[in-house]
1. Kindly indicate whether any position in region 19-30 is over 22 Å from the mean Cα position of the chain (by Cα) and touching a residue at least 24 places away in the same chain (Cβ under 8 Å).
2. Which ones in region 133-167 are over 26 Å from Gly246 (Cα atoms), more than 16 Å from ligand 1 (Cβ to nearest atom) and in contact with an Asp or Glu (Cβ under 7 Å, 6 or more places away or on another chain)?
3. Mind checking whether some residue in region 134-147 is hydrophobic (A, V, I, L, M, F, W, C) and surrounded by fewer than 20 Cβ atoms within 10 Å (Cβ to Cβ)?
4. Hey, among Pro202, Pro213, Pro178, Pro194, which residue is without any contact (Cβ under 8 Å) to a residue 12 or more places away in the chain, surrounded by 16 or more Cβ atoms within 10 Å (Cβ to Cβ) and not charged (D, E, K, R)?
5. Could you say which residue among Leu176, Leu161, Leu168 is over 30 Å from Val300 (Cβ atoms), of a type in the set (A, V, I, L, M), away from ligand 3 (no atom under 16 Å from the Cβ) and outside any loop (DSSP other than H, G, I, E, B)?
6. So Asp228 passes all but one of these: (1) buried (at least 18 other Cβ atoms within 10 Å of the Cβ); (2) touching a helix residue (DSSP H, G or I) at 6+ places or on another chain (Cβ under 8 Å). Which condition number does it fail?
7. Let me spell it out: the conditions are (1) in contact with a helix residue (DSSP H, G or I) (Cβ under 8 Å, 6 or more places away or on another chain); (2) on the phi < 0 side of the Ramachandran plot, and Ile372 meets all of them except one. Which number is the exception?
Amino acid sequence: MITNKKRPEPEAPVVYPIKCPYCFKSFEANEVHFRASSPKHYAVSPQNGERVIREDSIVDRNLADYYRQFGRQAPRRFPIIAPAGNVTGDEYIGLALGGEPIEYRGGVMYSVKDEFGNESEKRLCPFCHNDLPKSAGYTKSYTIAFAGDTAVGKTVYMTTLINRLQFLDDGFRSMLMPLTSSVSDKYDTYYFTPMYKEGLLPEHTHVNEVVEPLIYELRVGINKVNGDNVADKVITLTFYDVAGDGIKNADYVNTRARHLKYADAFIYMVDPMQTGAAQRLAALNSNAGADYIVGRGDAVKILESFFTQDIDFKDKPTAIVLTKSDLLKSTESTQRYFDRNSTIYEQCSHKGYLDTEQVEKINGEVHNFFGITAPLFRKNVDFMFNNVKYFAVSALGGPTETVNVDGIDRKKITNGIPQEIRVEEPFLWILAQLGIISENAPEEKPKNTEKKSGGFFKKLFSK
Ligand SMILES: Nc1nc2c(ncn2[C@@H]2O[C@H](COP(=O)(O)OP(=O)(O)OP(=O)(O)O)[C@@H](O)[C@H]2O)c(=O)[nH]1
Ligand SMILES: [Mg+2]
Ligand SMILES: [Zn+2]
C-alpha cells in the first residue's frame, strides 16, 4: 500500500516568555533591550544646540529608578539599544541602517548591531535595564524561595545546597553551573570560602542589604550527541538569600524580597528552637541555646505573618524544612521526637530520580515531630497548602562553637566544615513537583511528560 506520508515539518524552536530576575516583570523574548558595547551616543551640545557624538557613559534612567528603590545610586553605563523602538532619550542609540541589524538564534533575539557598527549580545530587561541571564527565552526559569525567621539557617542551607547540587548522584546526569562569573565570584567569596574553607558561619543577613539573585543553570539528563552535551532539561534556577528579620514586614516583601511574591516554590525553614522542643534542646546543648533568640516568634506566628502578605502560595510546592536536625540527635530526652536510629540522621540517597519512599518516610516522621512540638503550626500548614511535604536537614551535620577571631567573636563549625545531611532532598522533591526530575526509577515510564525544551540553548553553551 502506498502511503502518502508527508515529511515532518522541522520543529519550530520553543521560545519562553521572560521573567526578569530583578524586577519580576514579564515580557516576550523579542521585547528585550541591549546594552551597547561602546559608550558612543548622540547628545545635544550645550554650546551650539547641535546633536554631536559623545563617548562617555550615560545615566540609565530605568536602572537608576531600580537602584533608587534600595537607596542606592546606579553606576553610569553604556547606552541602550531598544530594537522594538517606542523609547526616546539620549541614552538610547539606534540600530545599524541597512543589512540585518538583528540576529535571531533559536527564535530568540540574540544580538544587535548599532548605528555605529558595534555589535552587542548583552540583553537587558526592557523595564529595569538589569542584565538578563544568557538562557532567558531559551529555557524555562524557576524561582525557588527560601523563607523562615531569623537564624533558622537559611543562609547556611543555601550555601550547602548549592554545593550539594554540584555533586548529585550520577544517575541524574546533571550539572549545575553559575550563569555568569559574577555569580560564581559572589558564591565563592561570600558563601563558599568562609564556610567550606574557614569553617566560619555567616553573620545575620541584614534587612537593608539588596537581595541579589544567584542565578544558576541546571541541566538534567545529559547525553553526548555527536560530540555535544545535550540535556533533556535545561532550566534556570534563581536563589535569593533573604533576611529573616524582613519577611514579617510587608515593605520588605514588596521591595527587597519581591521574588517571594513570584516564587514558583517555597522552602520554608523552621528551627527546632522555634518549637516546643526548644527548652529541652537548650538544656542539652549550650550552642543551641545561643541560637535561641528571645522575642523571636514561634513557628506558627511567623508562618501566618509571612504567608498572609498577599503571597500566592496555595498550590505552589512548599517544602517545610526542619533545620539543624543534628540538635535532636540521640539523647534520652529527645527520643520522643525522633527515634535514635531515625532516617532523618542518615544521608539521603536519590539515585537518578526522587525516591518517593524515602520522602514519605521522612515526611511522616517530621509531621509527627510537629504534632508533638508545634501542633498549631502543623495544623495550619496542613490546611494552608495543597502541595506540601515535611523534611528534616542538617546543613552542618554537627554542632557549632564560638571562637575569637582577631578580637571578634565568630561562630565556627566544630567539625571544621559542613557535613551536610539530607540537604538536597527537599529541593529534589520540588524539582520533581515542577516536572524537572522524575519520581520513577528509569525503567518505569516517567510520570513527567513536559515537552522537551531549549533545543538551541542545550547545545549553545555546551562547547
Ligand atoms: N547545629 C546546627 N546549627 C546550625 C545549622 N544550620 C545553621 N545553624 C546555626 O544557625 C545559625 C544561623 O544560621 P543562618 O543561616 O545565618 O540563619 P538565617 O536564617 O540566614 O538568619 P537571617 O540571616 O538572620 O535571616 C548559624 O550561625 C548556626 O549557628 C545546622 O545544620 N546545625
Ligand atoms: Mg541569613
Ligand atoms: Zn527587570
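1. Yes, because at least one residue in region 19-30 is over 22 Å from the mean Cα position of the chain (by Cα) and touching a residue at least 24 places away in the same chain (Cβ under 8 Å).
2. Hits for region 133-167 are Ser135, Leu165.
3. The answer is no; no qualifying residue exists.
4. Exactly one of Pro202, Pro213, Pro178, Pro194 is without any contact (Cβ under 8 Å) to a residue 12 or more places away in the chain, surrounded by 16 or more Cβ atoms within 10 Å (Cβ to Cβ) and not charged (D, E, K, R), namely Pro194.
5. Leu176
6. The one condition Asp228 does not meet is (1).
7. Going through (1) in contact with a helix residue (DSSP H, G or I) (Cβ under 8 Å, 6 or more places away or on another chain); (2) on the phi < 0 side of the Ramachandran plot one by one, Ile372 breaks only (1).
Condition check ((1) on the phi < 0 side of the Ramachandran plot; (2) out of contact with any Phe, Trp or Tyr (no Cβ under 6 Å at 6 or more places or on another chain)) across all residues:
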| site | (1), (2) |
| --- | --- |
| Val44 | yes, yes |
| Gly49 | no, yes |
| Asn62 | yes, yes |
| Asp65 | yes, yes |
| Arg68 | yes, yes |
| Gly71 | no, yes |
| Ala74 | yes, no |
| Phe78 | yes, yes |
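The values are calculated or read from the model by the stated rules, or taken from the named source; none is laboratory data. Everything numeric here is computed off the predicted structure, so don't read it as measured data. Cβ atoms come from the backbone with ideal geometry, glycine included; neighbour counts cover every protein chain shown.
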